[in-house]
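First comes the structure, then the notes that go with it.
The values are calculated or read from the model by the stated rules, or taken from the named source; none is laboratory data. Every value quoted in this text rests on a predicted model; they were computed, and no experiment measured them. Positions of Cβ are generated from backbone atoms using ideal geometry, with glycine treated the same way; all protein chains shown enter the neighbour counts.
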Amino acid sequence: MAGLVLTIRALRKRYTGTDALKGVDLDVAPGELVGLLGPNGAGKSTLVKIACGLVNPTSGTATITGDIGYLAELFRFPDWATADEVLTLHQDLARSPGGAAERARLLDRVGLPGEAGRTVQTMSKGMQQRLGLAQAMVGTPSILLLDEPTSALDPAGRHQVREVLEELRASGVGVLLNSHLLSEVELVCDRVAIIARGELVAAGTPAELSNAGGVEVETAAGPRHWPDAGREDAPRIVAELVAAGEQVYGVKVLRSSLEDAYLKAVKTRAEGPSGGERSETR
């Protein structure tokens, strides 16, 4: 489809006795950050590996427009290699002419300035994760496929990765971010796709997936809750309470979180017609 950097249509993958993906459709546009969420074994990593050509689909298509940058969930660089050598190798693989200037820029971008000569074996897991992100950005990728890129990072490191992702968005690079950290996805992603048992069970912006949770008013008699009310109803509710002689001390417009939407989507998919758990062939 024109104007997209990743187009996935009716994607299926069957391993022996197990359907990892069951006809998934997903798009990523230039400059768009799409978060991929789902429980362990949902098919997220399989989808990412098919998108970058490491796994063949059983049926369906995954089409990339332009070049790919990829960071695997479980990656390993040679212990003896320096950061500069790792990036040089990936420049050769990507046929990038960026040279030393590109390598220095990427290391600085991921928070490893001046670490070109450090060997992998002397790096912490978090530093290795940052180096992995740097190698994914070598060359001029139109889309980055990132599989758990912040799993080994502390809060400061995750914040820095978010800044990098926002820079990529501004420069027109699409990103498919596979993560189990819902808070990270909610902070940075434009859209979210939730996969459960190989199927796309919910998709939309974080705001679209989060629902109104009603209005709560703190009164002298205690908190009172209007579960079906929205923001536009709050002034009327307060006015009616005051007119009835109630003392009002505070008003909250409640919303469910992305976590609530995620749990609801995954639970709904896992329940069978009778409301019990589905059985699953392993």
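The table below gives the values:
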{"item": "Qualifying residue in segment 233-255 (condition: closer than 30 Å to G41 by Cα, more than 15 Å from the chain's Cα centre (by Cα) and either of a type outside the set (V, I, T) or at pLDDT 90 or above (or both))", "result": "yes"}
{"item": "Filter result (in contact with a Lys or Arg (Cβ under 8 Å, 6 or more places away or on another chain) and β-branched (V, I, T)) within segment 64-104", "result": "T82, T88"}
{"item": "Among (1) closer than 30 Å to L146 by Cα; (2) small (G, A, S); (3) in contact (Cβ under 8 Å) with a residue 12 or more places away in the chain - the single one A207 does not satisfy", "result": "(3)"}
{"item": "Verdict on V86 being over 16 Å from the mean Cα position of the chain (by Cα), in the same structural domain as L168 (by TED's automatic domain parsing), closer than 29 Å to L258 by Cβ and not in a strand (DSSP E or B)", "result": "no"}
{"item": "First in segment 50-73 and under 23 Å from G3 (Cα atoms), second anywhere and of a type in the set (D, E, K, R) and surrounded by fewer than 16 Cβ atoms within 10 Å (Cβ to Cβ), Cβ under 9 Å, 6 or more apart", "result": "G60/R9; G60/D25; T61/R9; A62/R9; T63/R9"}
{"item": "Enumeration of residues in segment 46-83 that are modelled with pLDDT of 95 or more, under 18 Å from V138 (Cα atoms) and polar (S, T, N, Q)", "result": "T82"}
{"item": "Unmet criterion (only one of (1) crowded, with 17+ Cβ neighbours inside 10 Å; (2) in a loop (DSSP other than H, G, I, E, B); (3) at pLDDT below 80) for A261", "result": "(2)"}
{"item": "Filter pass, S151 being part of a helix (DSSP H, G or I) and of a type in the set (S, T, Y)", "result": "no"}
{"item": "Output for segment 203-216, where each listed residue is buried (at least 20 other Cβ atoms within 10 Å of the Cβ) and either in a strand (DSSP E or B) or in contact with a Phe, Trp or Tyr (Cβ under 6 Å, 6 or more places away or on another chain) (or both)", "result": "V215"}
{"item": "Residue within segment 241-250 that is in the same structural domain as L33 (by TED's automatic domain parsing) and either assigned to a strand (DSSP E or B) or farther than 30 Å from L133 by Cα (or both) present", "result": "no"}
{"item": "Candidate set: segment 11-59, residues that are touching a Pro at 6+ places or on another chain (Cβ under 9 Å) and not in a helix (DSSP H, G or I); chosen: the one nearest to N178 (Cα to Cα)", "result": "G35"}
{"item": "All positions within segment 217-230 that are touching a strand residue (DSSP E or B) at 6+ places or on another chain (Cβ under 7 Å) and either surrounded by 17 or more Cβ atoms within 10 Å (Cβ to Cβ) or not charged (D, E, K, R) (or both)", "result": "V217, T219, P223, H225, W226, P227, A229, G230"}
{"item": "Residue ID - farthest from the chain's Cα centre (by Cα), chosen from residues in segment 165-202 that are under 22 Å from G66 (Cβ atoms), among the charged types (D, E, K, R) and in a helix (DSSP H, G or I)", "result": "E167"}
{"item": "Unique residue being more than 24 Å from C52 (Cα to Cα), crowded, with 18+ Cβ neighbours inside 10 Å, assigned by TED's automatic domain parsing to the domain that holds T46 and modelled with pLDDT under 90 when the list is E186, E148", "result": "E186"}
